[in-house]
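Have a look at the structure below before the remarks.
The values are calculated or read from the model by the stated rules, or taken from the named source; none is laboratory data. None of these values were measured; they are calculated from a predicted model. Methodologically, a virtual Cβ is constructed for each residue, glycine included, from the backbone with ideal geometry; neighbour enumeration extends over all protein chains shown.
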């Protein structure tokens, strides 16, 4: 993603009724990263430095309210719910504990080892690692993980009818843990 595309994206978003606010400063971005224990990948960081999409389905990075904290915890909560209520378990986690509390705790531990998913829009997330441009965007609802864009630009094109990126769509990068849940 480049600055030209970010400008095109802003025009497209505002023409479709989405609002934008002034971008975040380096200090604000670093404070968010420190508070939540992740780094914004360069493409999302560039977007948030330029402007911040705002509204009901966009994360409010300025207030860091309880809703944002819940949004960040949504993927782990969903996995824990499926472990407890739907018998979900990955073989890679080893034998499932007999005690449900232990099983849920182990699932949460496994999710905590995975790249943090950063909310982009609604229940669409961009992995924090690797901290590189080009991470895929996932739709996350419990263990139902769906690829929604090979990268951030292609996601906005596919989901929000933003301009088509001027770079070729690449094969989605594999993301530890989260890619394993695709099509499960």
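Suppose we keep only residues that are touching a residue at least 60 places away in the same chain (Cβ under 8 Å) and exposed (fewer than 13 other Cβ atoms within 10 Å of the Cβ) within the stretch 5-53. Which one would you say is farthest from residue 121 (Cα to Cα)?
Kept after step one, since they are touching a residue at least 60 places away in the same chain (Cβ under 8 Å), are these residues of the stretch 5-53: 5, 8-9, 12-13, 16, 18, 36-44, 47, 53.
Pick out the ones that are also exposed (fewer than 13 other Cβ atoms within 10 Å of the Cβ) and you get 16, 37.
Values: 16: 15, 37: 20 Å.
Selected residue: 37.
Among the listed residues 67, 56, identify the single one that is in a helix (DSSP H, G or I) and at pLDDT below 95.
Only one candidate passes the filter, namely 67.
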Among the residues of the stretch 112-125, what is the count of those that are closer than 13 Å to residue 58 by Cβ and touching a helix residue (DSSP H, G or I) at 6+ places or on another chain (Cβ under 6 Å)? 1
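Among the residues of the stretch 163-171, is there at least one that is in contact (Cβ under 8 Å) with a residue 12 or more places away in the chain and within 13 Å of the chain's Cα centre (by Cα)?
Keep residues of the stretch 163-171 that are in contact (Cβ under 8 Å) with a residue 12 or more places away in the chain, which gives 163, 165-167, 169-171.
Filter once more, so that each one left must be within 13 Å of the chain's Cα centre (by Cα): none.
No - not one qualifying residue is present in the stretch 163-171.
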Which one is nearest to residue 142 (Cα to Cα) among residues in the stretch 67-85 that are out of contact with any helix residue (DSSP H, G or I) (no Cβ under 7 Å at 6 or more places or on another chain) and in contact (Cβ under 8 Å) with a residue 24 or more places away in the chain? 78
Can you name the residue in the stretch 137-159 that is in contact (Cβ under 8 Å) with a residue 40 or more places away in the chain and buried (at least 17 other Cβ atoms within 10 Å of the Cβ) and is also farthest from residue 86 (Cα to Cα) among such residues? 153
